[in-house]
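These notes concern the structure reproduced below.
Please treat every number below as a calculation from the coordinates, not as lab data. Since the model is a prediction, treat every value here as computed from it, not as a measurement. Cβ sites come from the backbone with ideal geometry, for glycine too, and all protein chains shown count toward neighbours.
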Amino acid sequence: MTLRLRKYFLLHFRPKTVPESTLALTLSWGLGGLAAVLVLLQMGTGLLLKFAYEPTPQGAYASIQYLIADVPFGRLVRNLHHWGANLLVGVVVLHLLRVCFTGAFHAPRRLNWVIGLGLLTTVLLSNFTGYLLPWDQLAYWAVTVSTGMLEYIPGFGPVMQQWIRGGPEIGAMTLRLFFAVHTALVPLLFAVLMGFHFWRVRRAGGLVIPRKADEWRGDPESGEPAPGPARERVPAVPHLIVREAAMAAVGVAAVLLLAVAVDAPLEGPANPGLSPNPTKAPWYFAGFQELLLHVHPTVAVFIVPVMATLALAALPFWRYQADPGGIWFISRSGRRSALAAALSGALAAILWIAVDHGLASYSAATGRFSSVGLPLLLLAAFAAAGWGSFGKRGTGLNNEGVQVAFVFAAAGFAVMTVTGAVFRGEGMALGWPW
Amino acid sequence: MPHTVENRINHDPPAEEAPRRSFLNWIWGGLGLAVLAEMVWLAGAFLRPRRRAVRGGGFGAVIDAGPVERFTRGSVTAFPRGRFYLARLEDGGFLALSRECTHLGCTVPWDEKEGVFRCPCHASVFDIRGDAIHAPATRALDLFQVDIENDTVRVDTGRRRRRSAFQASQAAYPART
């Protein structure tokens, strides 16, 4: 029986043997597998919640209250779903960074990078549509301001907003639509995209083979690859399966601990006449909300997201001078330049937020300067500084240049997200969270 | 038709076959596109935003706000069921201002002491005429149609008007007697 299970089921998902070096925790950190486990956990808890939930404005809030108070383990299952969802966003973002920084997006993994972006979008879509369902003040107003952002997309923005809300304002239609997307479309997207994603990993021969930075001997001129790394193979059962099971256990334990210790928030029932102060977008959109406070809305909710999406999707398709796949941060100099870029990106964002905060409250003209001229000036200054030092000390590979730009932008966005989620208090004023 | 396997593998299709086959492929492709378009249209029809059913006296209907003299100059009166504020300007003109912040749609309360609308979400400020006087909002509050007949103020909450800033022509005045 176990033999059959092993032969026909497990090995259907996993190859018979895997390269031993790809089992190292320091290559993958188990993040992809952890994300898959969390998605399964969401499907399980979500199915239970669906039995107890009523998707109408009149009944939604009361059904959640009933679930928490009267259904055995109802509170725990809701907490698991809440914390699992939030951890999932964090885990898939870390997974994206891991894949990016180990160079695991070069051919034949280019398509899989794009599928991964589709999965990231699905995770955000599921989080966002789920956010509205409790129909409390937090949900109602977070979705009001998030869908309010759509109005600034030139041309089809207002129409898109009407379609997503199912009418002029958030109401019964919005709830029905979000519920349908959350409980039917999202699971379908996950099933299809995850299958596709895993299949592409197997087609690529498993994970990228890790290499040490010193192993890099490739010739940037001829594009000649570095000498092949060790490829000794070991049986997937037990070597791979045991590691995956261990990671899954750690992940589930973490969610369980969080769910037992911290309750998912539930504020008063939604009241369209009273906006709470402050009203914030969910934390994974806090970066855009922060951006929105500093620049023209069309830039914050349209130009920047579209450009960022295009740049991310295009990442594997640049004409790179080398394929340093398997080496963390390309090379030793790549590590130094990435660290410098991370610090500069964070510093630039902090400087900008602080200076714009001062100048915008001073006068309209200085506000205009600090929301348009200042970020461009900061970008130019850091680009020039980067160009100067990069040209002298770097390996000279364009891989490193792309990595520096990516890290700079990611660090800046991370600072914006933390600022928006943590350091914005009443009236969206800057302040300490304590 | 003398079709042999060898013929298909080693040679181009006979010259008279090519246009017919490509035409059939073209038809199949076209049919496929038509089916796809139907599916998209169908999904769209199901998703199309609906108009709210207008209940008497509620949002979307014409609301009887009351006689002109009830509203003192420089005052703002809230009509929660109609989701608007009726503002009477110092010169006696009336404006029905939407309570929705033009920034991201939060509900703006009227600050009686300072005489401004202050958005609790992102700190936008609007004056009594609905003009945005503090960022991040860039646009004045939306207006609803105001009609004054027989010294009675009526607001049509089904007719909303976007605007960038206040203009004198937007205010409604009672007929002079």
Only helices at least 30 Å long along their axis, Cα-based, and averaging -1.0 or more on Kyte-Doolittle count here, so list those DSSP H runs from chain A.
A:31-52, A:74-101, A:110-132, A:236-261, A:332-362, A:398-422
Phi angles of region B:63-80, converted by Karplus (6.51 cos²θ - 1.76 cosθ + 1.60, θ = phi - 60°) into ³J(HN,Hα) in whole Hz with x for Gly and Pro, give 10, 7, 7, x, x, 4, 6, 5, 9, 6, 5, x, 10, 10, 10, 8, 10, x
Which residues make up the longest stretch of chain A that has no trypsin sites (Lys or Arg not before Pro) in a DSSP loop with at most 11 other Cβ atoms within 10 Å?
A:17-211
When the chain is fully extended, how far beyond the present Cα-Cα distance does residue A:430 get from residue A:66, taking 0.36 nm per residue of separation?
127.3 nm
Amide H partners (placed H, <5 Å) of residue A:209, local residues excluded:
none
Amide hydrogen neighbours beyond the local backbone of residue B:66, cut-off 5 Å, H modeled:
B:153
Assuming 0.36 nm per residue, please report the length gained on full extension of the stretch residue B:111 to residue B:36 beyond their Cα-Cα distance.
21.6 nm
Descending Cα extents along the principal axes, the protein assembly as shown, whole Å
97, 69, 67
Skipping prolines and chain starts, which residues have an amide H placed within reach, meaning under 5 Å, of the one on residue B:145, given they are 5 or more residues away or on another chain?
B:156, B:159
